[in-house]
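*Asks:* Submitted below is the structure of interest, expressed as structure tokens.
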Amino acid sequence: MKGLVLKILRGTYPSIPTNYSPELRDLIAEMLTKEPSKRPSIKKILEKDFLSVSIFLNISQKIRAELLHWLPMLLLKMNWEALC
């Protein structure tokens, strides 16, 4: 772990293997940016379309059903709060 931290601080780390998708490689590169203020927040990371789809497809059926049940109500609440 210490070695990785030093590589990030120096801005030098091995290239990300091409067997990963371009989107994932770009995200990893952003996350390893030397300047912390330029790294994406966890919110920005989770907003990435390719991750959102992957997360949704890989969660259990039960959780998916719960999410689909509550999501419309949460979105309505968020929109309502945005209007207030």
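The numbers here are math on the coordinates, done by the rules we state, and not lab data. Predicted, not measured: the structure shown is a model, and the values here were computed from it. So basically every Cβ, Gly included, is an ideal-geometry build from the backbone, and we count neighbours across all protein chains shown.
*Asks:* Taking Lys7 as the anchor, which aspartates and glutamates have their alpha carbon closer than 17 Å to its alpha carbon, excluding any fewer than eight residues away along the same chain?
*Replies:* In chain and number order, the partners are Glu30, Glu35.
*Asks:* While we're here: Could you order peptides 34-40, 20-26 by the average number of other Cβ atoms within 10 Å of their residues, highest first? It would help to have the intermediate numbers written out before the result.
*Replies:* Numbers: 34-40: 9.7, 20-26: 12.7.
For the peptides 34-40, 20-26, the packing ranking is 20-26, 34-40.
*Asks:* Hey, which lysines would be in cross-link range of Lys77, C-alpha to C-alpha under 26 Å, not counting anything within fewer than 8 residues on its own chain?
*Replies:* Once the sequence-local lysines are set aside, what remains near Lys77 is Lys43, Lys44, Lys48, Lys62.
*Asks:* A further question follows. Across region 14-20, in residue order, what do the Karplus-derived ³J(HN,Hα) couplings come to in whole Hz, using 6.51 cos²θ - 1.76 cosθ + 1.60 with θ = phi - 60° and x for Gly and Pro?
*Replies:* x, 5, 7, x, 6, 6, 8
*Asks:* Another question, if that's okay. Sorted by packing (mean other beta-carbon atoms within 10 Å per residue), highest first, where do 67-73, 45-51 land?
*Replies:* 45-51, 67-73
*Asks:* Let me ask something else about it. Taking the square root of 5 times each eigenvalue of the Cα gyration tensor, what semi-axes in Å does the equivalent ellipsoid of the chain have, largest first?
*Replies:* So the three semi-axes of the chain are 34, 18, 11 Å.
*Asks:* Using Cα-Cα distances under 8 Å and only pairs 6 or more residues apart, what relative contact order does the chain have, in percent?
*Replies:* Computed over the chain, the figure is 17 percent.
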